[in-house]
Amino acid sequence: MTNDWRDPALHIKRIYLAKNCLDHPYGEEIISRSGLPVTTVDEKDLGTVLREEYPATLKEGKRSLLLCRNQGEFLKDCPGTREYRCCDYRVLNVGLGCPMDCVYCILQAYLNTPYLSFFLNTENLFEELNAKLEAYEGGVMRIGTGEFTDSMALDSITRLSSRLVRYFGRQSKGILELKTKSAAIENLQYLEHNGRTIVAWSLNSEEIIAHQEIRAAPLEQRLDAAARCVEWGYDCAFHFDPIISYPGWEEGYRKVITRLFEKVPAQRIVWISLGGFRYLPALKRIASERFSHTQIFAHEFIDGLDNKKRYFRNFRANLYKLIYQELMARCSPTTCIYFCMESDEIWREIMGFVPSEKGGIGAMLDRAVEMR
């Protein structure tokens, strides 16, 4: 399977506009820029717009973008679990889903909606950010948009990044992380970010990218984009998550790490996360039905404390050990390497300490920001 999608927004073929957003200036701007056909709909009727039943509708849904309002909160705590160490991240919910189609994407079993959504009422988003940042009494509030969507996958038509980066460039309490698998970063150039935005990429081996990350940018395009962001004055972060076992994984991940540090100066990397492949039980049925070629579920898994399937502990430790050692041989002392949703036992075995000994993962990441 060939994988060559620098800008996955090119996959979108139709826009649906919620009736309560008619005449919204941001919606008109996006529609004009996209040049795509538009259908006005009542949100209650969206279930009948796309044919077939979920998850079969995902194929067409990935080509369909709904412009609508967010009726709830925009900024929430990361949906971690108490059983594993969390990084105290805040999620800025700007939309749901993305045009990329990763086999392992948990949103297939989580969202239950086939079409992509983007929230137009950014006036409410910034009002909420103002109030919550003003009331925040901690150190630095780390905020990211890449939890329920990809931060940059739609940016060529929404240009939301420009609004967010400029906003955070004027803040002292907040740090923005834009996390992506795309290479569509042109809108980040010429912005007054003032070091308050970190541009991040999810990385994986070329084997996994080619066969499991459909419509995501190839590795070299992601790293080239990171190098350009460094030239524009941004610091970067990287996420090896999910780390997936397959024949030849050792050499595959070594190559990624080698290319990463050949392309991006080590001192410009703020943090790197590691997370083993894990999934909700419902995902195996959905993904196996949609992607008959995949072999990522053909392994032994256990039930984790968070009710997700995980590799056996010793197997996870072997995956982590190699990648952590390769990173430590190259990374800057100021870079924070951490596990995403792992146990203290794994931390102790691989890194030689547990997060609580250093104030928690949140404090570790705050220090990495302070040292920039």
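Please treat every number below as a calculation from the coordinates, not as lab data. Since the model is a prediction, treat every value here as computed from it, not as a measurement. Neighbour counts are summed over all protein chains in view; Cβ atoms, including those assigned to glycine, are modelled from backbone coordinates with ideal geometry.
Which one, Gln267, Gln171, Gln71, has the greatest fluctuation when you compute a Gaussian network model over the chain with C-alpha springs under 10 angstrom?
Gln71
Exposure proxy check: Lys173, Lys181 ranked by fewest other beta carbons within 10 Å?
By the 10 Å Cβ count, ascending: Lys173, Lys181.
Could you state the orientation-averaged shadow area of the convex hull built on the Cα atoms of the chain, in nm² to one decimal?
The orientation-averaged projected area of the Cα hull of the chain comes to 17.3 nm².
Give the whole-number value, in cubic angstrom per residue, of the convex hull volume spanned by the C-alpha atoms of segment 92-138.
111 Å³
Given a cut-off of under 8 Å on Cα pairs at least six residues apart, what relative contact order in percent is computed for the chain?
Taking the mean separation of contacting Cα pairs over the length of the chain, I get 17 percent.
Which of Glu231, Glu147, Glu206 moves most in a GNM of the chain, Cα contacts under 10 Å?
Largest GNM mean-square fluctuation: Glu231.
Using a Gaussian network for the chain with springs between C-alpha atoms less than 10 Å apart, which of these wobbles most: Leu260, Leu164, Leu305?
Leu305
Can you pull the one-decimal nm distance between simple spin-label points at Val354 and Met328, each 7 Å off the Cα toward Cβ?
So the two model labels end up 1.9 nm from each other.
Which whole-angstrom value gives the distance between the alpha carbon centres of segment 83-137 and segment 321-348?
26 Å
Label points 7 Å out from Cα along the Cβ direction at Thr258 and Asp344: separation in nm?
3.9 nm
Counting other beta carbons within 10 Å of each Cβ, put Arg310, Arg163 in order, fewest first.
Least crowded to most crowded, the residues run Arg163, Arg310.
May I ask for the Rg/Rh ratio of segment 74-164, computed from Cα atoms with Rh as the Kirkwood radius, given to two decimals?
Radius of gyration over Kirkwood radius for segment 74-164 works out to 0.98.
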